[in-house]
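What follows is a short report on a single structure.
The values are calculated or read from the model by the stated rules, or taken from the named source; none is laboratory data. If you're wondering where the values come from, they're calculated on a predicted model, not measured in any experiment. Here the Cβ positions follow ideal geometry from the backbone for every residue, glycine too, while neighbour counts run over all protein chains shown.
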Amino acid sequence: MAKLVNPKPDRPRPRGKVPLTGLQLTCCVAVVGMAVYFISGLFRHTDSTTETALAAETALTALEVAAAATTSAQSAAEAALANLSEIKVVVQRNDTMDAIFRRLQFSLADLAQILAIDNKDARRMLTLLKPGDELTLASRDGQLVQLHRLIGDDKRLKIERDEDAGFVASVEDLPVDRYVTVATGMIQPHTSSLYAAATAAGLQDVTTDRLTDIFRWDIDFMLDPREGDTFRVVYEKRVRDGRLIRDGNILAAEYVMKDGRTFRAVRYEFPDGKADYYTPEGKSLRKAFLKTPVQFSRISSVFNPRRRHPVLNTIRAHRGVDYAAPTGTKVYAAGAGRVQFRGVKGGFGNLVEIAHAGKVVTRYGHLSRFAPGLKVGQRVEQGELIGYVGSTGLATGPHLHFEFIENGQYVDPQKAIRRGEPGPPIPDGQRGAFEAQVAPLLAQLDAAALPQGPALAAR
């Protein structure tokens, strides 16, 4: 069901159509220009007082005509926008345009005309609705006049009634400003939470997610964050019409642990538009395998050849690591490779096996379900979604069972991943551009003052 937000029966702020059309303005300017030119010409070429006065009177008449045309056009536009009722609709799960039109009691014949517009992109934008999308509909006397939908941050799809053509579609460019800002924070003793500290520093959760993604090869954000850890982040904000739309890219970041270990990252954009994160020295932050294939849970059982099985109550080798997490938590491929098994396998329940370079295989067991479209033989990239945490097979509760097999031998995943090979560094040919691009970002990072607290002062 569509959710209605802020119904506005009064006249809305004019949008989409300017009060004066370009053609009207052009005509007015042309009339005034001709008048001025005519006057100047007469003053240059005639000495006749009578003719000069006549020319001046003619020019004034032209100006009056232009002013009247402007006023008339303005009045017409004002009249066109008068008595419009505007409704904002936030798309809910399973919403369709048909359901929204029925809910608002708009004409389904109008909807049929809109969906038949000779603009494939416009039709696609109206039929592919996602929860959270916002539509703005304006009507007069119950008849739909306008329908607007934002496309990303900087465009708006406009569907407008035309007396001759029925409905016409256009896309309007919206100016979006980007500015760079800095956030700093420290994990506090009463929460020991990176997210709480980041929120207090003004970061949106999506930006905190990006921060953990940047350092995920070096920091286990399930276990490592501690009271007194600090962070500094240089990042973009995207603003439209004076209002914050969302946080943008992280450009530079630093995470300092209470024990003094420091991790730094800078974003470098290559000439082809691709971007990645590196150390200030140009080394890749990426490694062959992620430190953990599932986010923000806890380790409920470690690699142990002599563990007593919690279900079978017998001594049975535990050849992997168990990450406890709520059912449905996303599970990612620890490294790039090819799916060699997807299905049910004994006590593993739903299992995915991925074969990697270097005769390495990773296993992901007890999944509640697989990622849509995942199949045997498919190539997956590091960090790609492959399934969701569950408790299928022999499991006492929802968790991910993760195994690391190297040359046919089971090894402790935590130890194997720590010694993984790093990704490629900045190419020599890009070194100068890299240093020029990241130098101001590092300067801005260094200039950001860290918050003070007992834990920081004690270092």
For the stretch 91-111, enumerate the residues that are in contact with a Phe, Trp or Tyr (Cβ under 7 Å, 6 or more places away or on another chain) and under 13 Å from Gly142 (Cα atoms).
-> Leu108
Restricting the stretch 224-252 to residues that are outside any strand (DSSP E or B) and in contact with a helix residue (DSSP H, G or I) (Cβ under 7 Å, 6 or more places away or on another chain), which is surrounded by the fewest Cβ atoms within 10 Å (Cβ to Cβ)?
-> Glu227
Have a look at Val352, Val376 and point out the one that is outside any helix (DSSP H, G or I) and either in the same structural domain as Ile187 (by TED's automatic domain parsing) or buried (at least 20 other Cβ atoms within 10 Å of the Cβ) (or both).
-> Val352
Regarding Leu144, is this residue over 21 Å from the mean Cα position of the chain (by Cα) and either among the polar types (S, T, N, Q) or not assigned by TED's automatic domain parsing to the domain that holds Ile245 (or both)?
-> yes
Is it true that Ala288 is within 27 Å of Gly429 (Cβ to Cβ) and either touching a Ser or Thr at 6+ places or on another chain (Cβ under 6 Å) or surrounded by fewer than 14 Cβ atoms within 10 Å (Cβ to Cβ) (or both)?
-> no
When residues of the stretch 262-275 are filtered for being free of Cβ contacts under 8 Å to residues at least 40 places away in the same chain and touching a strand residue (DSSP E or B) at 6+ places or on another chain (Cβ under 9 Å), how many remain?
-> 2
If we scan the stretch 356-372, do we find a residue that is part of a loop (DSSP other than H, G, I, E, B), free of Cβ contacts under 8 Å to residues at least 40 places away in the same chain and farther than 20 Å from Leu290 by Cα?
-> yes
So, first residue more than 16 Å from Glu236 (Cβ to Cβ) in the stretch 208-221, second residue surrounded by fewer than 21 Cβ atoms within 10 Å (Cβ to Cβ) and modelled with pLDDT of 90 or more, Cβ within less than 6 Å, six or more apart or across chains; the pairs are Phe215/Phe263; Trp217/Leu285; Asp218/Phe263; Phe221/Thr212
Hey, can you tell me all the residues within the stretch 194-223 that are within 16 Å of the chain's Cα centre (by Cα), assigned to a loop (DSSP other than H, G, I, E, B) and surrounded by fewer than 18 Cβ atoms within 10 Å (Cβ to Cβ)?
-> Gln204
